[in-house]
Each structure stands twice: as structure tokens, then as C-alpha cells.
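What follows is a set of notes on a single structure, which appears directly below.
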Amino acid sequence: MRFDRSIVPLVLLILGLCGGSLPLWGQDPAPAEPSTEVEPPPVHEELKRIAEQVALPELSGDHPFILRESNWSGQVEPGKARLIQVQLFKRNEYSFWFVVPDRKAGLNLSLYNGKGELVEGTNRKYETPNIVSLMTSAGETGIYYLRISMQTTAERPQPWTVIYAYR
Amino acid sequence: MKSSLFSVLLVGAAVSVGIAQEPPKRIDLNDPNLVVVDSSVIPIPLEIFSSLDKLGTQDWSKQVESREIKLDANRSRTAMLFGLVVSDGFIAVQAQDKEAVRRIGREVLRLSSSLGVASSVEQHANAIVNAAGQGDWPVCRKELDRTRQTVLNKMAELRDDELVGLVSLGGWLGGTQALASVLKQNYSVEGSDLLNQPELVKQLKDDFNTLPARAKRGKVFGQISQTLDHLQSLMKTDASGAISKGKVIEISLSTANLVEAIYEI
């Protein structure tokens, strides 16, 4: 995996301009609740908006990605992973963005083919670790598995959202 | 506690640096401890067309069809028609056919009205019609995807979950029919692999089969499961990584027959 930090200042500016008031669990610890896959929709909507703002630089220019309106969301516990099944098409490039609210939550995002083998891609880490993206391409048409995981730097389960774009 | 995301992120910028963890080189997809997210995102036709166009320009205009849509009281059928019409919209955008996109924008509104979600869709449908008039294809594409997603969200909100899967199925079917038809006319081994979607077909079939009987009333619904079974066996590459022209023709025929049956009352 390669890492690219060149767009950090821009992302910070974009996120700042969001002026959002997303609940920040890491800032205000509360008793842990039993984990569920379903979170109140407004949190996921807010996460989706943030991910879309972060994605903006990739959606313009000479060779822009085309953002899908669909997304995945759920909840993940510290130190745990989730797999997202996705159909990808040969010759296309894809970019995925994974976001959770807790700014201390380190995230990992990687792609595996239908045999469970890691697919090469470029990860972009942002200044706060609670957002990460992955740019990759499909070597062949078929089912792939996006693996999202949260490091134990987060103290509590986090709602998450993943968006993607293609070109 | 809620606090400004901006201020928190700026503080974070000074002290926090992402720590990269190397991902495992391989995962065991049969590991019973793996948690697979139980929601799917169905690719839109343009995502597939984008790949095919990289092999050379295709004539998408032949795939733009103008069908009369007769509605009845069967909301499941209307949901599938909605998915089909949105996929027709994507095809018309690919063909850059202004009149077809405008017509489809209006049909989208009519169908969403029949599904009881017109108020959520109206602004997107109008945006499609206006953008088509100006030949602004990126906006048409975005608004079509937004329309589709808005309807899915609204239906889920209204606890119309049964219809959500049918909209997705209709959209996938329309896109697959167009893709197979283009490949049939201009077959290439490289392009044929875009039809390699056995797991996706299985997922659509499983979703369809778990729908309650009340959501599958009407003669066309008996045909769907059978067609998906057939497509699952066809939409699979061989050892050389291709899908034969014969299978492409069969996929084209099967999908076209099912689409026809959905349009017929």
C-alpha cells in the first residue's frame, strides 16, 4: 500500500468549511452501549456529507471520478473489521472513502479480490485519522471485498460510512 | 457533547498523525468470524458502460428505446418499472440523447407519483429535464443517480422495503440488457467479461426469493426467479476469462424477454 499526504491542507479546509456539529464520541465518553449495526440515520447522513466533502478534489479536473449516491454504513467496534461486498469492473478505477466521527479512531481500508488476495491500491491518510481513502483499480470484473477496520485508538464503537466513486 | 468539527479537527491536525497499519496480504473469505455488511450497492449502468467505452466507442443510441408505460395497481411492478426507466435514463445519457432524457425525466416523475414518493423526486426530475435541454450530461447523470437513491431512501423510510429490492433489480436488469445487446452487436472477448457477475446475480436472486408472496403477485414475478437462475449460470467467465458470444446472445435474449414481460400488462 502507498500513502499520499499531499492533500491534507485542502481536506482540513474543506472539513472546516463544513462547520458541522457532528457528535464526537471521543470527546465525551459515555457508558458503552451494546453494539448494533443500525445507527440513527442523521449520524450516517452527516458522515456521508463529510466523506463527500473530502472526496470533492477527486471529482473535478481533467479526469474526474464520478461519485455514486449510494453508500454503505453501520457500526464497528475498536479492533474489529467489516467486509463490504462490491462488484467492480475491469478497466475502471475506483476510489473509496471511509469515515467515523471519533478523531482518535485510526482506520484501515483495503480491497481484496474474490480469492481473498490483497489488491494493490493507494491509501490516502488525512491529518485526523478518522478519515481514510483508497484508490485502486479492478484487475478483472467480479466481486471484491472492501475491508474496513478501526484500530483500538478509539474507545467506543463508532458509526461508519463508506462512499465510492469510479472513472 | 457536541462541538465544532472544525475546531476539533484543527487541534487534531497539530497532534495527530495517521498511523498506517499494514493490511493482511490475504484473508480467508470462509472464516466464520468475518462480519460481512448486510447491505448491497448495485452498480449503475454507467459504471459498466464506462469500462466498455475504454475499449472503443460504442453505439449506445441503438439501445435507447421509447416504450409506452401502462401502469396498474401492482406497486411491485411499478417499482421494477421505475428501476428500468432510470436505467433507460442512464443509457440515454450515455447516448447523449436529449429528447429521450427529457422524456425519461417526466416518466420518472409519473412513476414516483404512483409509488407515493413524487414530492421527494420532483426537484431531481426537473433537474434531469432541464440539464438534458442544455446537454449537461454530468448533471443528468448525477440527478438520475440521486433520483434513484432518493426513491430507495424514501421507500425504506416508509417501510416499503420490499419495493427497494425491486427498484434495484429493475435497474440492474435494464443495464444488463443494454450491455448484452451492445456486446452482441460488437462482440469482443475483453468486453464480454463485464457480464461476469454471478455473485451479484445470486445476491439479487436471494433478495428476490426472500420477498413475501404479497410482493410477488402477478404473472411476471414467476418469470423473474427462473430468469435469474438462468442468468446466474450464463454470467460467469470461462477458464480463458471470457463469456462466449453464444452466452452473450442468450443473456441478451433472456434479459430482453423479462424486460418485455415487465412492460406488458
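The values are calculated or read from the model by the stated rules, or taken from the named source; none is laboratory data. A quick note: this is a predicted structure, and the numbers were derived from the prediction, not measured. Every residue, glycine among them, receives a Cβ derived from its backbone with ideal geometry; neighbour counts consider all protein chains shown. Ligands, DNA and RNA are stripped out before the accessible areas are found, and what is left, the full protein with its side chains, is counted by its heavy atoms. Shrake-Rupley method; radii C 1.70, N 1.55, O 1.52, S 1.80 Å.
Summary of values
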quantity: Greater than 23 Å apart at Cα, pairs in B:Lys154/B:Lys216; B:Lys70/B:Lys202; A:Lys125/B:Lys25; calculated: B:Lys70/B:Lys202
quantity: Rh by Kirkwood over Cα pairs, then Stokes-Einstein D for segment B:40-117 at 0.890 mPa s and 25 °C, µm²/s; calculated: 182
quantity: Cα-derived Rg to Rh of segment B:101-242, Kirkwood definition; calculated: 1.02
quantity: Electrostatic dipole magnitude of chain B [Cβ: Lys, Arg +1; Asp, Glu -1; Cα centre; debye, to 20]; calculated: 480
quantity: Choice from B:Ala118, B:Ala156, B:Ala239 with maximal GNM fluctuation in chain B (Cα, 10 Å cutoff); calculated: B:Ala239
quantity: Highest-MSF residue in chain B out of B:Ser76, B:Ser244, B:Ser50 [GNM, Cα springs under 10 Å]; calculated: B:Ser50
quantity: FRET efficiency, B:Ala73 to B:Val35 (Cβ-Cβ, R0 30 Å, nearest 0.05); calculated: 0.15
quantity: Along each principal axis, Cα extent of the protein assembly as shown, largest first, Å; calculated: 62, 49, 45
quantity: Nitroxide proxy distance, nm - points 7 Å out along Cα→Cβ at A:Thr152 and B:Ile265; calculated: 6.5
quantity: Equivalent ellipsoid semi-axes - Cα gyration tensor, chain B, angstrom; calculated: 31, 26, 22
quantity: Inter-site label distance for A:Arg167 and B:Ile249 at 7 Å from Cα along Cβ, in nm; calculated: 4.0
quantity: Among the listed pairs B:Lys54/B:Lys247; A:Lys80/A:Lys115; B:Lys142/B:Lys219; A:Lys115/B:Lys62; A:Lys90/B:Lys245; A:Lys48/B:Lys219, those beyond 29 Å (Cα-Cα); calculated: B:Lys142/B:Lys219; A:Lys115/B:Lys62; A:Lys48/B:Lys219
quantity: Relative contact order for chain B, counting Cα pairs under 8 Å that sit 6 or more residues apart, in percent; calculated: 21
quantity: Inter-probe distance in nm under a simple model that places probes 7 Å from Cα toward Cβ, at A:Glu93 and A:Lys80; calculated: 3.5
quantity: Accessible surface, per residue, of the protein assembly as shown when the full set of protein chains is kept, probe 1.4 Å, Å²; calculated: 42
